[in-house]
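The values are calculated or read from the model by the stated rules, or taken from the named source; none is laboratory data. What you see is a predicted model, and the numbers here were worked out from it, not measured in a lab. These accessible areas exclude ligands, DNA and RNA; they are computed on the full protein's heavy atoms, side chains included. Shrake-Rupley method; radii C 1.70, N 1.55, O 1.52, S 1.80 Å.
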Amino acid sequence: MESVGVSSRLCFILCVFFSAYFFAGVRSSSAELQILNAERRVDLSSHIIRVSLTLKVENIGTTPASELLLAFPPKQVDHLAWIQAAAVTGKRKKKTFLPLDVKPSTGPDGPNGTKHYSVTLVNKLGSGESVTLEVLYVLTHSLEPFPVEISQAESQLVYYHDSALVLSPYPIKSQETSFRTPTSRVESFTRLEPTDRSGTELKYGPYEDRPSYSFNPILLHFENNNPFAVVEELVREIEISHWGNLQVTEHYKLAHAGARQKGGFSRVDYQSRQHFGSSASFKHLLAELPLRVHSVYYRDDIGNISSSRLLIGSKKSELLIEPRYPLFGGWKATFVIGYGVPIQDFLFESADGARYLNYSFGCPFAETVVDKLTIKVVLPEGSEDPSVVVPFDVQQSLEVSCQYLEENFYSSDN
């Protein structure tokens, strides 16, 4: 059998780099508003904190209000990963939610460095009128392990700092705040009146007639053995091929950001305890991949890692991966995931001949924080005038990328 090797050099015109980041600013509102009722629900069941806030806002002034402000302590703004708001109409099952624009305000800070976000109303709020808003925001890196070091067999305990009162630039007539912990094990919490604790829920309030910028600090100390999975850096390269395929390669630097492991590691002890769920380590991650994914691989610097399972269903594709070793606090792992998808699922052509790539910025792994994300889009040779449309500010750069492609053609005589 003879083989003939043909090597060709393909130069792609450019790569587009994106790095997502969040920022904060402020702007004041001239309308006179008050909050009739505020309900805040803080979910502490993961290392990613999800807060839902329901506000019933009334205009008690004479000037119509086109916006309102949300207030955050400086430390929370530094860890604010996502925020969205919607106006609510209707009741119970007939509720409808109208998304509202939320941006960092450009006005002065509030007392003690309080930062503001501005919510733009679709319809101005007239004098004497009220509106109900649903606000959802997500905080990362906000749980503090204490003790900072634990042994392999110990449970992980964390601190969480917050306020029993909703921080707001407007007076609040009535309010309450509830916290949900992963388990019922709560070592301690700040006791105020009224406070009610039942199982995994801790409730502060109701409190009546609190002035603007009221703040009452509280501290919760509780058990949280959930994986503190943090991707310190994710580099995703999306290569657009002329041959009908979109190749995605993702490079991960993964860390366990929980309490650091002290002492040695015992494989026997780990396997005997893992069924009880008391260990703060984690040994697998679940990724949701595009529906028609194919040619999936998972490897690290040593080579291919076989401890993974791919499930392709009618509505989604899931990849369950296991690192070569379980990750305890302070431990790290690096690996690469690659896959292909049909190009027609993500690349579209307009009437004027321009082509559009529509791909998600998000990390495919559930319950994972990404500290630094870089996306490289490799366009095919001949592409011109690239531009980017994203719903938030990014850092961008353009450069030429050169790659080598080797193709082997085989022929044989029988």
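Quick notes on this structure:
- Cα gyration tensor category, rounded, prolate or oblate, for segment 49-166 with a/c compared to 1.5: prolate
- Prolate is the label for segment 199-251. Its Cα gyration tensor axes, ordered a ≥ b ≥ c, give a/c of at least 1.5 and a/b above b/c.
- In this structure, the amide hydrogen of residue 105, modeled 1.01 Å from its nitrogen in the peptide plane, lies closer than 5 angstrom to those of 25, 26, 27, 116, 117, 118, counting only residues at least 5 positions away or on a different chain.
- Expressed to the nearest 5 percent, the antiparallel share of DSSP beta bridges inside the chain is 85 percent.
- Heavy-atom accessible area ranking, 1.4 Å probe, most first, across 243, 82, 331: 243, 82, 331
- Fraction of accessible area attributable to carbon and sulfur, the chain (%, probe 1.4 Å): 51
- Relative contact order for segment 298-370, counting Cα pairs under 8 Å that sit 6 or more residues apart, in percent: 22
- Remark: the chain carries 55 Å² of accessible area per residue (probe radius 1.4 Å; ligands, DNA and RNA excluded).
- Cα gyration tensor, segment 289-348 - rounded (a/c under 1.5), prolate or oblate: prolate
- Among 122, 102, the sequence by solvent-accessible area, most first, with a 1.4 Å probe is 122, 102.
- Calculated log₁₀ intensity ratio I(q)/I(0) where the Debye formula runs over C-alpha points of the chain, q = 0.11, 0.12 Å⁻¹: -1.01, -1.14
- Segment 138-234, relative contact order [Cα under 8 Å, separation at least 6], %: 35
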